[in-house]
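K.L.:
Can you read through this structure? Questions will come right after.
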Amino acid sequence: MIYLDNAATTKPRRELLDIFQKIEGEFFANANSAHQAGRDAEKYVAKARSIILGALGVTETHRVVFCSSATEANNLALKGFALKHKKRGDHLIISNIEHPSVMECACQLRDAFGYDLTILNVNHKGFVRPEDVRQALTKNTVLVSVMAVNNEIGSINPISEIADIVHRHSRAVLHVDASQAVGKISLPYSDIDLLSISGHKINGLKGSGALLIGKNIELIPLLSGGGQEYGLRSSTISPALAYTLALAVKEAVADEKKHGRFISSLNSLLRSYFLKKENIVVNSPEKASSHILNVSLTDKKASVVVEALSNQGIMISSVSACHAKAASMSYSVRALGRSENLSKNTLRISFDYQTTMEDIEVFMHAFDDVLERIRS
């Protein structure tokens with residue numbers, strides 16, 4: 001199998017699976033228990049927090065709340081902060097290409113809780129203009145949420161400039177969904193008030209995620225109960241998931257320097273290949289994250305191509321897997337101003353450190369073959 005759908009999920013590192021099994025089998029006690037077995041389990045949770053904070057360079061400025069996913073982290077960030085600080089302000093700002101877990105959460109805050117919501121349009125290159133954030137800020141703005149890297153087209157938002165504007169011109173906090181960014185691009189982590197990360201996007205395990213919270217930031221919990229995770233996420237934590245998430249973050253940050261140039265070369269090769277093709281439009285901007293390349297078919301059904309490639313053992317995607325069953329088109333491609341037809345017939349090829357040059361060469365040969373067979 002040639003797997004080119006790494007923006008949907010990544011293959012877990014073998015060593016992390018082994019470590020998970022060892023911790024889950026030997027240090028299974030409740031990390032909040034007062035006995036020695038509980039303390040032994042808690043050591044892995046404490047190590048995990050330290051590793052994540054150190055890898056991202058925010059040991060002095062942030063704390064880590066472990067979650068089941070970035071979706072949960074996004075919900076905790078938006079609802080937890082907005083509902084805690086409604087007396088301070090009831091205005092939220094997001095972009096129109098946010099992940100559904102941010103978009104739907106913000107819309108729920110608007111529709112069910114009466115918040116004022118501004119949804120900023122991205123420009124033709126797929127990123128939020130800092131000046132648009134500045135113009136949207138009001139005295140009632142309490143939270144701004146802008147993703148670091150878009151999960152469908154790979155566009156990179158200018159988070160440093162946006163953070164500076166939010167902090168200089170308002171009392172709002174900045175939330176960043178970094179699910180597609182950790183290990184792919186550099187971010188000003190210390191300038192971000194609330195940061196969501198996902199384990200399975202960085203060769204970790206599904207069911208692991210975290211919200212990094214600035215030390216002076218207060219939230220209300222989504223889950224009430226035993227008061228774990230600083231009182232913000234009640235539930236018995238898995239030391240094995242927390243620790244393997246931390247190692248995945250550490251390895252991903254190292255991979256950015258180790259494999260980034262090679263992944264960029266794979267992306268460039270495939271981009272050049274698509275640009276020479278008739279009836280194909282490249283959607284990912286040139287300065288997008290190199291691990292995602294998105295194109296549209298002008299005269300063919302993307303679903304047919306995806307299925308045909310799958311039958312040959314090559315895995316790519318069309319619309320985001322996070323809403324592939326429900327959505328008929330790519331919301332991010334549509335936000336670029338593309339037609340409905342182009343937005344419905346997108347292909348997303350996404351790479352990671354395990355992708356090889358041979359994988360891309362086989363893909364191109366198979367893609368040519370599929371197009372020829374569909375044409376005939």
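The values are calculated or read from the model by the stated rules, or taken from the named source; none is laboratory data. Please read all numbers here as calculations on a predicted model, not as lab measurements. Here Cβ is always computed from backbone atoms with ideal geometry, including for glycine, and neighbour counts include all displayed protein chains.
K.L.:
Do you know which residues across region 1-29 are touching a helix residue (DSSP H, G or I) at 6+ places or on another chain (Cβ under 6 Å) and over 29 Å from ASP177 (Cα atoms)?
P.N.:
PHE27, ALA29
K.L.:
Within region 1-58, track down each residue that is of a type in the set (Asp, Glu) and farther than 29 Å from THR355 by Cα.
P.N.:
GLU24, GLU26, ASP40, GLU42
K.L.:
Quick check on my filter: what residues within region 6-45 are aliphatic (A, V, I, L, M) and farther than 30 Å from HIS291 by Cβ? Explain how you work it out, then say what you get.
P.N.:
At the first step, the residues of region 6-45 found to be aliphatic (A, V, I, L, M) are 7-8, 16-17, 19, 23, 29, 31, 34, 37, 41, 45.
Scanning region 6-45 gives ALA29, ALA31, ALA34, ALA37, ALA41.
K.L.:
Is one or more of the residues making up region 57-68 of a type in the set (A, V, I, L, M) and closer than 16 Å to SER208 by Cα? Write out each step before concluding.
P.N.:
Filtering region 57-68 down to residues of a type in the set (A, V, I, L, M) leaves 58, 64-65.
Next, from what is left, pick out any that are closer than 16 Å to SER208 by Cα: 64-65.
Yes, region 57-68 has at least one match.
K.L.:
Within region 125-155, restricting attention to residues that are closer than 15 Å to ILE185 by Cα and of a type outside the set (A, V, I, L, M, F, W, C), which residue is surrounded by the fewest Cβ atoms within 10 Å (Cβ to Cβ)?
P.N.:
It comes out as ASN151.
K.L.:
Would it be correct to say that THR10 is under 30 Å from MET315 (Cβ atoms) and out of contact with any strand residue (DSSP E or B) (no Cβ under 6 Å at 6 or more places or on another chain)? Even if it seems obvious, please write down each step before you answer.
P.N.:
Details: under 30 Å from MET315 (Cβ atoms): yes; out of contact with any strand residue (DSSP E or B) (no Cβ under 6 Å at 6 or more places or on another chain): yes.
Yes; evaluated as a whole, the condition is true for this residue.
K.L.:
Continuing with the same structure: Which residue pairs have Cβ atoms closer than 9 Å, lie 6 or more positions apart in sequence or on different chains, and pair a first residue in region 356-368 that is on the phi > 0 side of the Ramachandran plot with a second residue that is loosely packed, with under 14 Cβ neighbours inside 10 Å?
P.N.:
Going by the 9 Å Cβ cut-off, there are no qualifying pairs.
K.L.:
Residues that are surrounded by fewer than 23 Cβ atoms within 10 Å (Cβ to Cβ) and without any contact (Cβ under 8 Å) to a residue 60 or more places away in the chain: list the helices (runs of 4 or more DSSP H) wholly contained in region 31-120 that include at least 1 such residues.
P.N.:
Details: elements: 36-55, 70-84, 100-113.
The qualifying helices (runs of 4 or more DSSP H) are 36-55, 100-113.
K.L.:
Let me ask you something else. Given the options LEU187, LEU194, LEU120, LEU137, name the one that is hydrophobic (A, V, I, L, M, F, W, C) and in contact with a Phe, Trp or Tyr (Cβ under 8 Å, 6 or more places away or on another chain).
P.N.:
Working: LEU187 fails: in contact with a Phe, Trp or Tyr (Cβ under 8 Å, 6 or more places away or on another chain); LEU120 fails: in contact with a Phe, Trp or Tyr (Cβ under 8 Å, 6 or more places away or on another chain); LEU137 fails: in contact with a Phe, Trp or Tyr (Cβ under 8 Å, 6 or more places away or on another chain).
Matching residue, one of LEU187, LEU194, LEU120, LEU137: LEU194.
K.L.:
Can you tell me which of SER238, SER224, SER170, SER196 is closer than 24 Å to ALA288 by Cα and of a type in the set (S, T, N, Q)?
P.N.:
Numbers: SER238 fails: closer than 24 Å to ALA288 by Cα; SER224 fails: closer than 24 Å to ALA288 by Cα; SER170 fails: closer than 24 Å to ALA288 by Cα.
From the options SER238, SER224, SER170, SER196, the qualifying one is SER196.
K.L.:
Looking for whichever is closer than 19 Å to ASN157 by Cα and either buried (at least 24 other Cβ atoms within 10 Å of the Cβ) or not acidic (Asp, Glu) (or both) here; the options are LYS215, LYS201. Which one fits? It would help to see each step written out before you state the result.
P.N.:
Details: LYS215 fails: closer than 19 Å to ASN157 by Cα.
Within the list LYS215, LYS201, the selection yields LYS201.
K.L.:
Still on this structure, I have one more. Say we look at region 219-267 and pick out the residues that are of a type in the set (Lys, Arg) and either surrounded by 15 or more Cβ atoms within 10 Å (Cβ to Cβ) or touching a strand residue (DSSP E or B) at 6+ places or on another chain (Cβ under 7 Å) (or both); which of these is modelled with the highest pLDDT? Don't jump to the end; show me each part of the working.
P.N.:
Here is the first cut: in region 219-267, the residues of a type in the set (Lys, Arg) are 233, 250, 257-258, 261.
If we keep only those that are either surrounded by 15 or more Cβ atoms within 10 Å (Cβ to Cβ) or touching a strand residue (DSSP E or B) at 6+ places or on another chain (Cβ under 7 Å) (or both) as well, we get 233, 250.
Working: ARG233: 94, LYS250: 98.
Within region 219-267, the match that is modelled with the highest pLDDT is LYS250.
K.L.:
Could you list all residues from region 4-14 that are of a type outside the set (Val, Ile, Thr), in contact (Cβ under 8 Å) with a residue 12 or more places away in the chain and under 20 Å from GLY207 (Cβ atoms)? Talk me through it step by step, then tell me what you get.
P.N.:
First pass over region 4-14, keeping only residues of a type outside the set (Val, Ile, Thr): 4-8, 11-14.
Those left that are additionally in contact (Cβ under 8 Å) with a residue 12 or more places away in the chain: 4-8, 11-13.
Within region 4-14, ASP5, ASN6, ALA7, ALA8, LYS11, PRO12, ARG13 meet the criteria.
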